[in-house]
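Single-structure report; data block below.
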Amino acid sequence: MTAPADVTSALATITARIQQIETRIASFAPTRTNTVSAANFASTLAATTGTTGTADTATTATTTSSGVTGADVVSTAQKYLGIPYVWGGESTSGMDCSGLVQKTFGDLGIDLPRTAAEQQKEGTAVSSLADAQPGDLVFFGDPAYHVAIYAGNNQIIESPEPGKTVHLTDLHTTPTSIRRIVDAAPVAGTTSGGVGAAQLQAAGVSSSVAAYASQFAAAEQANGLPSGLLAAVAQQESGGNARAVSPAGAQGLMQLMPATAAGMGVDALDPSQAIKAAGRIFGRNLREFGTVPLALAAYNAGAGAVHQYGGIPPYSETQNYVRRITATLAAGG
C-alpha cells in the first residue's frame, strides 16, 4: 500500500529535521585533522605539486601536497550528479550532503569528517563568497546543517534533501561560512585549473587538440565543467582540425552549427571563440540535465531529443559519441 502524499511529505520533512539535529549534536565532537594519501585525477593526468594550507584559529587541518586542486574536487563531485539523496548515505546508491563531500574528497585521498558541522571546522576560512574558488565548501547554519561544494560561477554541487538528487545548481542563499580544504590555484606544469597538454596526450588526445589545453581549462573552470571534458569533445568532434566542416555543416574545432554560432555571436572557425561557446553550451546542458552523459547527448543530438526520450536518444551515432567521450574521460581519471 502506498502512503498518501501528505504522509510521505511529512516523513521527508521529519527525516531532514532529524539530520539537522544530529548534525548539531555532532558539532560538539573534537576537530579532526585532514590526512592525505594520494591524488586521483590529478595524479593520473598531471604530475603536479601542491602547497600547504595555513591553519586558522578554528582548525589544524592542512591542504594537500599531492597535487589535488579545487578543480579536481569539482570534477570528482560531478561524477555523482544524479545520485539520489539518502540520509546517512555515502555511496553511489545514495548520499546526503555531507556524505557527498566526504566521498568526493575521499576519492582524492583526503579524509574529512562525516557530518557537515564537523566538516565546517576543517581547512581554512574564506572571508566571503567573492573570494570563494571552485572546490571550496559552503556551509549553511552554525553549526552547519547543510554543506555543498562550490563549483565556481556562483554555482554549487549538492545533495539537497529527500526526493532530490545530487545536482549542479545556482547558489541562491548566502552561506554562513566557507572553508578551503585544498589549494584552488594551479602550479607549475598545469593549465589554469585544468589538465596540461602533455597529460591530455597521455590520456589519448591528439597533439593538435592538446595544443588548446589552456583554453579548454579556462572554459571548463568558467562553466563548472569536469577537467578534460572539452578536450575529449574536441577530439571526437574534429580531431583538432580548426577548419573542419562536417557533411551536416558543423564547423570548426568544436563543430558548432552556423546558426548556433551566430546565435551566440561567435565565429565557429575561431578556436578560441568556439571553445568558449562550447563551454557555455556544456555548462547550460549540465545544469539542465544534471549528468555529463546527458549533457554530451544534448550537444550531439540536441536538448529536445534528450527531453523527448527521457535520456540518451536511441541513435547509434549519439550513443557511440557519448560512449567514446566518457571513455576518454575515464582514461584520464
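Computed from the coordinates by the stated procedures, all read-outs in this text should not be read as laboratory data. For clarity, every value in this text was computed on a predicted model and none was experimentally measured. FYI the Cβ positions are ideal-geometry reconstructions off the backbone, even for glycines, and counts take in every protein chain you see.
Couple of notes before you dig in:
- Loop-located trypsin sites (Lys or Arg not before Pro) in segment 207-282 (DSSP state other than H, G, I, E, B) with a sparse environment of at most 14 neighbouring Cβ atoms within 10 Å: Arg243.
- Separation in nanometres of the label points that stand 7 Å from Cα toward Cβ, at Ala262 and Asn241: 2.4 nm
- Calculated FRET efficiency for the pair Asp142/Thr92, C-beta based, R₀ 35 Å, to 0.05: 0.70
- Three-way shape call for segment 197-332 based on the alpha-carbon gyration tensor, with the a/c threshold at 1.5: rounded
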